[in-house]
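Enquirer: Sending over a structure as structure tokens; questions will come in a sec.
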Amino acid sequence: MLIPHPAVRRHVLTGLALPARAAYRGAAMPLLDRFLALQDVLAAHEDLWRPQPFRGRDLPWRVQRPALAAAVDALGATQVAALEADPDALMAWLGTQVPALADLPMQVALPAMPRRMLAPTGPHFDWSIPGRKRAQIEAFAEHVTTDRAPVLEWCAGKGHLGRRLALAEAVPVRSLEIDSALAAHCEALARRAGLDQQAVCADALVPDSRLHVADRHVVALHACGELHRTLVRHAADDAARGYSIAPCCYYRWAGEVYRPLSAQATLRLDEGALRLAVTETVTAAARDQTRSRREQAFKLGFVALRAALTGTPYRSFKPVPPAWAREGFEAFCRRLAGREGVTLPDGLDWRHWEAAGWRRQDEVARDALVRHALRRALEVWLVADLALALETAGFETRVGVFCPRHLTPRNLLIDARR
């Protein structure tokens, strides 16, 4: 089954003509071929995705690709918002501007993983599980088969996924979780359901935790960064029967430079690139989008003000509490200046600097489209890197999609078994 690709139609939201393609064959592409093709594309177009528009508008592609810069600047605000909200259309649009990327949608198109129907859970299973998380758990469980092996739930939280698999598979489940309160909650829910599920309070990054892996099918739904990589790094020695991993937050505990897991990897990634891979989010409510734009505009206004006062280039700063932006632009800047050690003179024209922030916010939103069009390619490359390492460790491996992106953009599943 191929995942339908909406970007092949004329995109009515933006009014932009997108190229019509007869079919996308990417779902049938062998994993290594896909990995190497994406690696070549990303390496050849580093100017499009490595520079961060928030840091300034002197982006290499604006000088080296003037036609692309003109096309970005010609987009209306509605078109910018629509392309940002539709990653498939965004990739296809960039392919019309950079012909070498015309096949990118095919290269990232992955098949849907085989799905099975699960027995109903009963009226009380959903207690305390947020709606979207509940849907993600159900979708993941529908695409996981353990071959009747005992299950190890890695980074389990309250053990909801493990409990669902215990019901579906009728196998014993061990749920590993670092937070003692969550582990206790997991135990209580299992007892109430009458299931064979044991919580183990342990740090997944401590080597002794991997002793639980042996002879089990390991499931990890959105274990972040090194929490999922440590499973793959040691898969050749840990004697698991299989793995079902949906990776998330690749930048967590990665250090300054990402260490690939497969021998075929040559792409060098830093934390900024790893963060790019997970910047796609499910569309937030209109109120949340408005708040996010205001916070970004205020930060950019402060960046412009600081540069004017100190004459120094862009410097990053720690995350800013969202409450600061609710106090207005002047109060926001005064708080941030105090924290960052910037002396503010009297008589500043706060309206001027706030307007400068909103202008930069519009520029950043436009320029970020180019970078964001390549984020799925980067994520698929990272997932393929994990999957190829599992193949080297002796597992038969498949990679595919386990749920639609409106449930979570982190919808890629690695299924590996001996």
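Enquirer: Expressed as a whole number of Å, what is the distance separating the alpha-carbon centroids of region 339-404 and region 117-196?
Expert: Cα centroid to Cα centroid, the span is 32 Å.
Enquirer: A further question on this structure: HN-Hα J couplings of region 132-142 from phi, Karplus 6.51/-1.76/1.60, θ = phi - 60°, integer Hz, Gly and Pro as x?
Expert: 5, 4, 4, 5, 5, 4, 4, 5, 4, 4, 5
Enquirer: ALA263 to ASP147: FRET efficiency via 1/(1 + (r/R0)^6), r the Cβ-Cβ distance, R0 22 Å, to the nearest 0.05?
Expert: E(calc), rounded to 0.05, equals 0.20.
Enquirer: Oh, and also: Looking at region 87-152, which trypsin sites (Lys or Arg not before Pro) are in a loop (DSSP not H, G, I, E or B) and have at most 14 other Cβ atoms within 10 Å?
Expert: Within region 87-152, the qualifying trypsin sites (Lys or Arg not before Pro) (loop, at most 14 other Cβ atoms within 10 Å) are ARG115, ARG116, ARG148.
Enquirer: Oh, and also: Hey, what does the equivalent ellipsoid look like for region 49-163, semi-axes from the Cα gyration tensor as sqrt of 5 times each eigenvalue, largest first, whole Å?
Expert: With the √(5λ) rule applied to region 49-163, the semi-axes are 43, 17, 15 Å.
Enquirer: Then there is this: Which lysines have a Cα lying under 29 Å from the Cα of LYS299, excluding residues fewer than 8 positions away in the same chain?
Expert: LYS318
Enquirer: Using +1 at the Cβ of each Lys and Arg and -1 at the Cβ of each Asp and Glu in the chain, identify which of GLY328, ALA166, VAL219 lies farthest towards the dipole's positive end.
Expert: The listed residue farthest towards the positive side: GLY328.
Enquirer: Could you state the principal axis extents of the C-alpha atoms in the chain, from the largest down, to the nearest angstrom?
Expert: Here the spans come out as 68, 51, 41 Å, largest first.
Enquirer: Given Cα pairs under 8 Å that are at least 6 residues apart, what percent is the relative contact order of the chain?
Expert: 20
Enquirer: Could I ask something else about it? Place +1 on the Cβ of every Lys and Arg and -1 on the Cβ of every Asp and Glu in the chain, take the dipole about the Cα centre, and give the residue among GLY122, GLN198, VAL151 whose Cα lies farthest towards its positive end.
Expert: Projecting each Cα onto the dipole axis, the largest value belongs to GLY122.
Enquirer: On to the next question. Express as a percent, rounded to the nearest 5, the fraction of DSSP beta bridges in the chain (both residues included) that run antiparallel.
Expert: Of the beta bridges lying entirely in the chain, close to 40 percent run antiparallel.
Enquirer: So how much slack lies between ASP179 and ARG132, counting 0.36 nm per residue of separation and subtracting their Cα-Cα distance, in nm?
Expert: So the chain would gain 14.7 nm between ASP179 and ARG132.
Enquirer: With an 8 Å cut-off on Cα pairs and a minimum separation of 6 or more residues, tell me the relative contact order of region 297-418 in percent.
Expert: Normalised by residue count, the contact order of region 297-418 is 23 percent.
Enquirer: For the Cα atoms of the chain, what angle does the longest principal axis make with the long axis of helix 329-340, in degrees from 0 to 90, nearest 10?
Expert: Between the helix axis and the principal axis of the chain, the angle is about 70 degrees.
Enquirer: Using only the alpha-carbon atoms, how far is helix 31-44 inclined from the longest principal axis of the chain? Give it as 0 to 90 degrees, nearest 10.
Expert: 20
Enquirer: Now for a separate question. With every protein chain left in place, what is the accessible area of PHE140 in Å² (1.4 Å probe, nearest 10)?
Expert: Solvent-accessible area, nearest 10 Å²: 0 Å².
Enquirer: Something else now. Using a cut-off of under 14 Å, list every residue of region 50-65 whose amide N is near the label point 7 Å from the Cα of GLU340 along the Cα-to-beta-carbon line.
Expert: Of the residues in region 50-65, 54-56 have backbone N under 14 Å from the label point off GLU340.
Enquirer: Turning to a different aspect of this structure: Under unit Cβ charges (Lys, Arg +1; Asp, Glu -1), what dipole magnitude, rounded to 20 debye, does region 310-392 have relative to its Cα centre?
Expert: In total the dipole reaches around 100 debye.
The values are calculated or read from the model by the stated rules, or taken from the named source; none is laboratory data. Keep in mind the model is a prediction, meaning the values are calculated, not measured. Counting neighbours? That spans all protein chains shown, and the Cβs are built from the backbone with ideal geometry, glycine included. Just so you know, the surface numbers come from the protein's heavy atoms only, side chains and all, with ligands and any DNA or RNA stripped out. Shrake-Rupley method; radii C 1.70, N 1.55, O 1.52, S 1.80 Å.
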